[in-house]
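Please treat every number below as a calculation from the coordinates, not as lab data. Computed from a prediction, not measured in an experiment: that's the story for all the values here. Neighbour counts run over all protein chains shown; Cβ positions are idealised from the backbone, glycine included.
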Amino acid sequence: MTGKPDHLTDEAGAVLTESIDERVYFVRSKRWIAYPKAVEILGHLNALLKHPRTTRMPSIAVFGDSGMGKSMLVEKFRDDYARGADDEPSRPKTKLLVVELAGRPNERRLYAQILAVLGAPQNPRATIVELERTAVRLLVDLGVQVLVLDEIHNVLAASWREQRVVFNTLRYLSNELKLSLVCFGIMEARQAINGDVQLARRFDALSLPRWTANKEFEQLVLAIIRNLPLKEPSVLTVKGLRRILQSSEGVSARIFRMLNEVAIEAIETGAERITDEALERYKPVGEDEAAFQ
Ligand SMILES: Nc1ncnc2c1ncn2[C@@H]1O[C@H](COP(=O)(O)OP(=O)(O)O)[C@@H](O)[C@H]1O
Ligand SMILES: [Mg+2]
């Protein structure tokens with residue numbers, strides 16, 4: 001084959017001449033697909049990095065069901081920032097810090113997780129005050145301006161009192177260090193944050209709702225398909241699109257997985273395109289929710 005096929009992105013077109021195994025590997029590998037809502041949210045996040053340090057820094061909360069692509073957004077935000085810093089060696093790499101709120105958070109664990117991400121040595125016998133002092137000093141020294149907390153809904157596993165303490169700590173960091181906070185979590189986390197009126201007030205809330213039958217959903221499907229290395233252009237009708245929505249229940253992770261699996265089948269069988277019929281035949285393997293937690 002010569003030249004780049006029009007129906008594919010450069011990235012997918014580049015692997016078209018590779019072996020079947022290589023192409024399947026490409027489909028299974030992690031890659032970022034842009035869609036308007038994600039690009040819009042990334043725009044808001046990037047604006048935080050450029051915001052001047054003021055007494056009240058803007059903060060953003062992004063809510064969406066499990067599998068809607070929140071963690072992918074966090075990674076994309078971090079990767080783009082790191083790449084930008086590589087291009088500009090004088091720019092600090094440490095303006096952005098991402099912490100995944102694992103387990104049942106409390107004040108000690110929050111500081112410990114911040115220190116772990118910063119690669120700071122940890123003394124298990126340190127008091128909370130010592131942990132706080134070290135974390136605050138490092139955050140200031142490194143010039144961290146945006147603190148991203150993924151999986152913020154894990155605070156729901158904590159007692160009401162512990163939740164108050166964690167939110168209090170976040171408020172303290174945002175005030176003292178003039179940090180923007182960015183929290184990602186499932187919808188239920190919203191109520192928890194709203195329990196701290198002062199904290200809730202400083203967040204602009206954005207959401208990643210499940211996909212429904214509209215133009216944006218069609219654009220998402222087209223964007224995914226353009227990045228699947230199939231030799232022939234896929235032709236989906238309204239029926240095929242409806243099938244994707246019905247099978248995925250509008251959850252991004254399941255939409256991506258469905259199209260990937262059907263594309264792999266098309267590569268392996270030589271069909272080389274996605275059709276309504278192939279989507280109709282598709283059965284998700286092991287409907288376990290845990291796969292996209
Ligand atoms: N923008 C995207 N590009 C490519 N794949 C995506 C994208 N968004 C979501 N996915 C797919 O959906 C899965 C779940 O996304 P994830 O970010 O982990 O969801 P959440 O954090 O909201 O539970 C990912 O592992 C990936 O396969
Ligand atoms: Mg996640």
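Assorted remarks:
- For segment 116-212: relative contact order, % (alpha-carbon pairs under 8 angstrom, 6 or more apart): 30
- Peptides 185-196, 116-127, 206-217, ordered by how many other C-beta atoms sit within 10 Å of their residues on average, highest first, read 185-196, 206-217, 116-127.
- Point-charge dipole on Cβ atoms (K/R +1, D/E -1) for segment 36-208, about Cα centre, debye to 20: 480
- Relative contact order, whole percent, for the chain stands at 27, derived from Cα pairs under 8 Å and 6 or more residues apart.
- Sequence-distant residues sharing a close amide H with Val148 (under 5 Å, placed H): Leu97, Val98, Val99, Val182
- For segment 36-208, average projected area of the Cα convex hull in nm²: 9.8
- Per residue, the convex hull spanned by the Cα atoms of the chain measures out at 161 cubic angstrom.
- Highest-MSF residue in the chain out of Val251, Val129, Val146 [GNM, Cα springs under 10 Å]: Val129
- Span per principal axis, largest first, for the Cα atoms of segment 119-219 (Å): 54, 31, 26
- Expected 222 nm ellipticity per residue - DSSP helices of 4 or more, -39500 (n - 2.57), all of the chain, to 500: -15500 deg cm²/dmol
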